[in-house]
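First comes the structure, then the notes that go with it.
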Amino acid sequence: MQIELLIGSILIGIVVGLVGIGGGILLFPMLVYLGYTVPQAVAISLFLNAIPNTLPGLYLYYKKGHFKVRPSIVVAIGTVVGSTIGSFIGSREYMDRKTIFRLYTLVIFVLSIYMFYFYCL
């Protein structure tokens, strides 16, 4: 299972570096597929979003002048509040696995339609 994690993580890292998203969207289903529980998959995904996925990409985009401090701080504050609330709900298992997957599927579906409509047409 370790080699599958490594190969999948490298592919996910490439997508994250290219488009800035994918860690949670791609990693979560991969971890569940490999037998991790939903709370374990979320915890691993949160760990990766903390430092390893972000610092190399942030540094390279910063060097090119793309990093804006003020909006980043606003987004960071909102994300900390939201992830604290979501983690509280998820870690206490107030939602069953099926509900979490339905919500996840809905989010992916809506984002896919949005991206296709505004960026591909």
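The values are calculated or read from the model by the stated rules, or taken from the named source; none is laboratory data. Here the structure is a predicted model, which means the values were calculated and not measured. Neighbour counts run over all protein chains shown; Cβ positions are idealised from the backbone, glycine included.
Hey, could you check segment 1-38 for residues that are assigned to a loop (DSSP other than H, G, I, E, B) and among the aliphatic types (A, V, I, L, M) and say which is farthest from the chain's Cα centre (by Cα)?
Top of the filtered list is 1.
Residues in segment 98-110: is at least one in a helix (DSSP H, G or I), aromatic (Phe, Trp, Tyr) and surrounded by 12 or more Cβ atoms within 10 Å (Cβ to Cβ)? Among the residues of segment 98-110, at least one is in a helix (DSSP H, G or I), aromatic (Phe, Trp, Tyr) and surrounded by 12 or more Cβ atoms within 10 Å (Cβ to Cβ), which makes the answer yes.
Tell me, yes or no, whether segment 60-82 has at least one residue that is in contact with a helix residue (DSSP H, G or I) (Cβ under 8 Å, 6 or more places away or on another chain), among the small types (Gly, Ala, Ser) and either free of Cβ contacts under 8 Å to residues at least 40 places away in the same chain or surrounded by 12 or more Cβ atoms within 10 Å (Cβ to Cβ) (or both). So far as segment 60-82 goes, no, none of its residues is in contact with a helix residue (DSSP H, G or I) (Cβ under 8 Å, 6 or more places away or on another chain), among the small types (Gly, Ala, Ser) and either free of Cβ contacts under 8 Å to residues at least 40 places away in the same chain or surrounded by 12 or more Cβ atoms within 10 Å (Cβ to Cβ) (or both). Taken over segment 41-55, the residue count meeting the criterion of being modelled with pLDDT under 85 and in a helix (DSSP H, G or I) is 8. Counting only residues that are more than 23 Å from residue 106 (Cα to Cα) and either surrounded by fewer than 11 Cβ atoms within 10 Å (Cβ to Cβ) or without any contact (Cβ under 8 Å) to a residue 12 or more places away in the chain (or both), segment 12-55 holds 8 of them. Residue 79 fulfils the conditions (1) farther than 30 Å from residue 3 by Cβ; (2) modelled with pLDDT of 85 or more; (3) not acidic (Asp, Glu) except for a single criterion, (2).
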